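As structure tokens, the structure follows; a few thoughts come after it.
The values are calculated or read from the model by the stated rules, or taken from the named source; none is laboratory data. Source: prediction; values computed, not measured. Quick reminder, even Gly has a Cβ in these numbers, built from the backbone with ideal geometry, and neighbours come from all protein chains shown.
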Amino acid sequence: MMNPYLAEFIGTAILIALGNGVVANVVLNRTKGYSSGWIVICFGWAMAVFVGVFTVAKFSGAHLNPAVSIALALTGKFPWSEVLFYSLAQIAGAFAGSVLVWIMYHSHFESTEDADTKLAAFGTGPAIRKPFNNLLTETIATAIFLICILFKIGPTNSLGALDALPVALLVLAVGLSFGGPTGYAINPARDFGPRLAHAILPISKKGSSDWSYAWVPIVGPVLGALIAALIYNSLQ
């Protein structure tokens, strides 16, 4: 059996490589998928979740998201002692996945002049920068996402108890409905790991990594996990 931390690293790396890969394909200059739109991005992220979950579910439960690990711990479905290690593995995997995207789309990063567009292929950002509203969006979107997971999860108490397809469809629904204001991180590792990669990688004319916004896609999903767990526990 694969070590569960390694599984979370690999699963999250796959998730981000495919997820940020579709963003890069849509927003960077001179790609085959350039300017193909938000629906393509949402479907790409849904498929990224599908592949990440079915690849490592039997080894780690395929959390691939610190908010998932926190929500499961708050509801007694996952040991608190594992949350930190899972989260670190997920962040490292997200970083690695973004590095892969940068390698594959290197020429397109070079041919794209706009710094904000380059950052969009790594981390999330608000359509309209209003920190409270942005935080509220991430919190509510994550809470709905996690409530659906908590009420569907099976007796093994892991995300792997779900089939990968329902999880992917859930992410697709969240992205299509709630992704407009902030790009729907709903996952602290999904934003922090790639944003860190953006800050470190030698990307020409990349501009700021926008760390002043980075707390929103971290705090919002954590708050969403707390709310989802409170609702779930109150109904049991």
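Got a number for residues in segment 72-130 being part of a helix (DSSP H, G or I), of a type in the set (Phe, Trp, Tyr) and over 21 Å from residue 8 (Cβ atoms)? Talk me through it step by step, then tell me what you get.
Pass one, segment 72-130, residues part of a helix (DSSP H, G or I): 72-74, 80-104, 106-111, 115-120.
Next, only the ones that are of a type in the set (Phe, Trp, Tyr) stay: 80, 85-86, 95, 102, 109.
With the extra rule that they be over 21 Å from residue 8 (Cβ atoms), the set shrinks to 102, 109.
Of the residues in segment 72-130, 2 are part of a helix (DSSP H, G or I), of a type in the set (Phe, Trp, Tyr) and over 21 Å from residue 8 (Cβ atoms).
Mind checking whether some residue in segment 74-86 is out of contact with any strand residue (DSSP E or B) (no Cβ under 7 Å at 6 or more places or on another chain), in contact (Cβ under 8 Å) with a residue 12 or more places away in the chain, farther than 20 Å from residue 145 by Cβ and small (Gly, Ala, Ser)? Before you say what the answer is, go through the steps one by one.
Step one: filter segment 74-86 for residues out of contact with any strand residue (DSSP E or B) (no Cβ under 7 Å at 6 or more places or on another chain), giving 74-86.
Of the ones still in play, those that are also in contact (Cβ under 8 Å) with a residue 12 or more places away in the chain are 74-75, 77-78, 82-83, 85-86.
Filter once more, keeping what is farther than 20 Å from residue 145 by Cβ: 82, 85.
With the extra rule that they be small (Gly, Ala, Ser), the set shrinks to none.
The answer is no, given that none of the residues of segment 74-86 is out of contact with any strand residue (DSSP E or B) (no Cβ under 7 Å at 6 or more places or on another chain), in contact (Cβ under 8 Å) with a residue 12 or more places away in the chain, farther than 20 Å from residue 145 by Cβ and small (Gly, Ala, Ser).
So if I check each of 124, 139, which one is more than 23 Å from residue 28 (Cβ to Cβ), at pLDDT 95 or above and surrounded by 21 or more Cβ atoms within 10 Å (Cβ to Cβ)?
Values: 124 fails: more than 23 Å from residue 28 (Cβ to Cβ).
Among 124, 139, only 139 is more than 23 Å from residue 28 (Cβ to Cβ), at pLDDT 95 or above and surrounded by 21 or more Cβ atoms within 10 Å (Cβ to Cβ).
Do the conditions hold for residue 117, that is, is it in contact (Cβ under 8 Å) with a residue 24 or more places away in the chain and over 14 Å from the mean Cα position of the chain (by Cα)?
Taking the combined requirement at face value, the residue satisfies it.
Within segment 32-64, take every residue that is in a loop (DSSP other than H, G, I, E, B) and in contact with a helix residue (DSSP H, G or I) (Cβ under 6 Å, 6 or more places away or on another chain) and give me the one that is surrounded by the fewest Cβ atoms within 10 Å (Cβ to Cβ). First the steps, then the outcome.
First, pick out the residues of segment 32-64 that are in a loop (DSSP other than H, G, I, E, B): 32-37, 61-64.
Now drop any that are not in contact with a helix residue (DSSP H, G or I) (Cβ under 6 Å, 6 or more places away or on another chain), which leaves 33, 36, 61-64.
On the way: 33: 17, 36: 15, 61: 28, 62: 28, 63: 33, 64: 35.
Checked segment 32-64; the qualifying residue surrounded by the fewest Cβ atoms within 10 Å (Cβ to Cβ) is 36.
Assess whether residue 21 counts as being farther than 21 Å from residue 164 by Cα, surrounded by fewer than 23 Cβ atoms within 10 Å (Cβ to Cβ) and either of a type outside the set (A, V, I, L, M, F, W, C) or modelled with pLDDT under 95 (or both). Break it down stepwise before answering.
Values: farther than 21 Å from residue 164 by Cα: no; surrounded by fewer than 23 Cβ atoms within 10 Å (Cβ to Cβ): yes; either of a type outside the set (A, V, I, L, M, F, W, C) or modelled with pLDDT under 95 (or both): yes.
No.
Would you mind finding the one in 196, 201 that is buried (at least 20 other Cβ atoms within 10 Å of the Cβ), touching a Phe, Trp or Tyr at 6+ places or on another chain (Cβ under 7 Å) and at pLDDT 95 or above?
Values: 201 fails: buried (at least 20 other Cβ atoms within 10 Å of the Cβ).
Among 196, 201, only 196 is buried (at least 20 other Cβ atoms within 10 Å of the Cβ), touching a Phe, Trp or Tyr at 6+ places or on another chain (Cβ under 7 Å) and at pLDDT 95 or above.
Look through 24, 17 and report the one residue that is in a helix (DSSP H, G or I) and touching a Phe, Trp or Tyr at 6+ places or on another chain (Cβ under 6 Å). Full working, then the answer.
On the way: 17 fails: touching a Phe, Trp or Tyr at 6+ places or on another chain (Cβ under 6 Å).
Exactly one residue qualifies, and that residue is 24.
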